[in-house]
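Asks: Dropping a structure here in structure tokens format, bear with me for questions.
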Amino acid sequence: INNGTGVVGVMPNRNIHLHIIKVFGAAGWTYSSDLSHAAKRCQAAGANVISMSLGGPVLNPLEQKVFGNLLSAGILPIAAAGNDGTKGTSYPAGYPSVVSVAAALYLVYVLEILKWRSTPVVKIVRDRVSGRHHDEDQAGD
């Protein structure tokens, strides 16, 4: 989407329809059967892509089958790889039929900054006149 300030998203013609389903209860967790049912509801609503910002450490055969069937039907499932810093697999992102998404580049950038700064406090500042980015040292380094 074009916001008029130089940033254009992947849908510049604004031709997008969202179908949002809540799968977590008040306790902050859900059953695999609820997630599978929600994915099928997205399919029934005509979704081409299902984006999920959720995951857990346990492979579930029902989920795996549902997401495999969705991909076979031409629907692209996308899920968060997890953000807890572990090396374990997160599901549904770990299923072969699901695209796993993570923020690896941000972490690499932060680690590069920490390698050369004696005090790891960095603020990225945008110069409003030139539009350039600068590192601003907040710790008096």
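The values are calculated or read from the model by the stated rules, or taken from the named source; none is laboratory data. Remember, predicted model here, so these are calculated numbers, not experimental data. For the accessible areas, the whole protein counts, side chains as well, though only heavy atoms, and no ligand, DNA or RNA atoms are used. Shrake-Rupley method; radii C 1.70, N 1.55, O 1.52, S 1.80 Å.
Asks: For residue 33 and residue 18 in the same chain, what is the full-extension length gain: residue separation times 0.36 nm, less their Cα-Cα distance, in nm? Walk me through the intermediate numbers first.
Replies: Working: separation 15, 0.36 × 15 = 5.40 nm, distance 2.22 nm.
Length gained between residue 33 and residue 18: 3.2 nm.
Asks: Ordering 22, 65 by accessible area with a probe of 1.4 Å, largest first, what comes out? Present the calculation step by step, with values, prior to reporting the outcome.
Replies: Numbers: 22 170, 65 135 Å².
Ranked list, largest accessible area first: 22, 65.
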